[in-house]
Amino acid sequence: METTQSSLVATRSKEETVDLFARYVSSGKVGFFKSAGIDFVPGKREETYLFDLAGEKRVIDCHCNGGVFNLGHRNPDVINVLIQSLQELDIGNHHLISEQRATLASELARLTPGDLSYTVFGVGGGEAIDLAIKVARGYTGRDKVISARGGYHGHTGLALAAGDEKYRAPFGSMAPGFLQVPFNDINVLERVVDDDTAAILFETIPATYGIVLPDQDFFLKARELCDRRGALMIMDEVQTGLGRTGRLWGIEHYNVVPDIMVIGKGLSGGIYPITATCFKEKLEVVFHKDPFIHISTFGGAEVGCPVALKVLGISSNPAFLSHVQEMGAVFSSGFKGLQEKHPEILVGLRQLGLMMGIEMTHDYCGPLFTKAAYENGLLSVYAYNDPRVAQLLPPLIIDRPLAEEILERVDMALTGVSKILGQ
Ligand SMILES: Cc1ncc(COP(=O)(O)O)c(C=O)c1O
């Protein structure tokens with residue numbers, strides 16, 4: 001997009017923007033990026049690239065805001081749908097029956113695993129997780145919710161209570177009934193899931209915890225355990241959904257149908273925020289007595305529903321999913337070479353499709369890598385709950401030359417980290 005006089009981007013200098021942001025939005029974030037040595041303010045954005053507000057600096061977006069930009073920045077097909085949508089629709093009234101929400105929900109019912117047939121829409125992922133927990137508690141009449149230590153489900157009320165301790169610590173008492181256990185440990189889960197358990201809640205691949213791949217049978221065993229105990233299984237597919245892993249849903253790799261599945265981030269197409277809590281038909285009973293018991297004014301805004309529909313159309317295309325798998329293979333073979341070259345810091349690649357985590361040897365490696373990657377033209381952010389790991393989440397639309405270029409830049413960044421460490 002050309003910067004014109006009427007543009008909304010680059011109307012201020014970078015310095016002025018940083019100053020205003022520090023004074024009116026977050027002095028902490030400005031301080032953080034300064035101390036991290038990352039001098040970047042996104043301005044223009046296009047396909048796989050983010051451009052600095054000032055000058056020519058350009059980075060390949062390998063963070064993608066956890067999947068928001070799966071289809072790249074400002075995907076023209078998605079934008080066109082929103083433009084068309086704006087000609088006829090607005091946010092709508094969530095109290096009323098809606099053609100757009102009905103259409104989108106029926107498509108989700110068709111595309112989600114098994115018999116997940118109902119959807120309640122939200123705006124953010126945390127809100128959608130909150131609702132998943134409410135549905136589980138409402139349906140089972142039980143309180144206990146078990147999730148993973150180091151997991152992340154958002155910063156809203158119940159999602160916060162289910163997430164890692166460090167997000168909750170400063171904010172006083174939380175909703176009771178939450179218990180965290182080590183991820184991927186079926187023995188511990190066997191001990192804690194009981195007749196008071198409403199639900200277990202897991203990210204299919206915990207992202208903030210460092211792209212941890214579960215054992216192939218973990219979710220299957222967890223499913224059996226839930227069935228035995230009458231607890232529900234909630235899967236957080238906010239990051240793993242919509243093709244990131246090479247299948248439409250990450251959980252498909254594990255042959256399990258959850259009772260409730262939460263979708264966020266990428267459903268927006270990077271353009272219009274919308275999230276979905278999808279659940280089995282039997283759970284809809286929770287809303288029978290009072291269908292207005294859960295309300296989200298902007299949830300499933302009608303103008304955004306066609307955008308999400310378009311995202312689903314693109315992401316569920318078998319050719320698109322094959323492409324993700326092919327690009328994943330480029331990275332898996334590329335990392336074998338990198339491992340031979342950088343054995344002193346690179347442990348390996350945690351990977352399912354284009355859901356990738358670069359595992360390194362020490363906690364200080366992630367932050368150093370993030371800076372070195374930035375200096376080499378890549379936005380790759382380390383995993384907050386395991387800083388040995390840098391997340392590598394490129395847009396799913398990358399082609400082979402760009403995948404190879406990313407590998408070269410990762411190589412240069414690893415060399416940069418080694419140099420700093422004097423290795
Ligand atoms: C796995 C997972 N679940 C839930 C959320 C919360 O989503 P939101 O930030 O839209 O509330 C996130 C956000 O990063 C996430 O990564």
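The values are calculated or read from the model by the stated rules, or taken from the named source; none is laboratory data. Everything numeric in this text was worked out from a predicted model, so none of it was measured. Counting neighbours? That spans all protein chains shown, and the Cβs are built from the backbone with ideal geometry, glycine included. Side chains are part of the model used for accessible areas, which takes the heavy atoms of the whole protein and leaves out ligands, DNA and RNA. Shrake-Rupley method; radii C 1.70, N 1.55, O 1.52, S 1.80 Å.
Laid out as a table, the results:
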quantity	calculated
Whole-number Å³ per residue for the convex hull built on Cα positions in segment 217-281	79 Å³
Peptide ranges 47-56, 198-207, 166-175 listed from the most packed, as the mean C-beta count within 10 angstrom indicates	198-207, 47-56, 166-175
Mean accessible surface per residue for the chain, computed with a 1.4 Å probe while every protein chain stays in place, in Å²	44 Å²
Above-threshold pairs, the threshold being 30 Å between Cα atoms, out of Lys34/Lys134; Lys14/Lys166; Lys336/Lys371; Lys44/Lys419; Lys336/Lys419	Lys34/Lys134; Lys14/Lys166; Lys44/Lys419
Segment 282-320: trypsin sites (Lys or Arg not before Pro) in DSSP loop, at most 13 other beta carbons within 10 Å	Lys289
Kirkwood-Stokes translational diffusion coefficient of segment 29-111, alpha-carbon pairs, 4 °C, 1.567 mPa s, µm²/s	80 µm²/s
Kirkwood hydrodynamic radius of the chain, Cα pairs, Å	22.3 Å
Diffusion constant of segment 252-376 at 37 °C, which comes from Stokes-Einstein with the Kirkwood Cα-pair radius and 0.692 mPa s, µm²/s	178 µm²/s
Cys365 accessible area, assembled protein chains, probe 1.4 Å, Å²	0 Å²
Three semi-axes of the equivalent ellipsoid, segment 92-229, Cα gyration tensor, whole Å, largest first	26, 19, 16
Stokes-Einstein D in µm²/s, Kirkwood radius over Cα pairs - segment 88-144 at 20 °C with 1.002 mPa s viscosity	162 µm²/s
Axial C-alpha extent at least 20 Å, average Kyte-Doolittle at least -1.0 - helices from the chain (DSSP)	125-140, 318-341, 400-420
Per-q log10 I(q)/I(0), segment 1-54, q = 0.29 Å⁻¹ (Debye; single scatterer per alpha-carbon; no solvent)	-1.17
Apportionment of accessible area to carbon and sulfur, the chain, percent (1.4 Å)	53 percent
Between segment 213-290 and segment 143-174, the alpha-carbon center distance in angstrom	18 Å
Percent antiparallel among DSSP beta bridges (both partners in the chain, rounded to 5)	60 percent
Rounded Å value of the spacing that divides the Cα centres of segment 4-63 and segment 351-366	26 Å
Mean residue ellipticity (222 nm) of the chain, computed from DSSP H runs ≥ 4 via -39,500 (n - 2.57), nearest 500	-11500 deg cm²/dmol
Cα-based Rg / Dmax (Å) for segment 172-277	14.3, 43
Global form of segment 57-171, assessed from the alpha-carbon gyration tensor, a/c cut-off 1.5	oblate
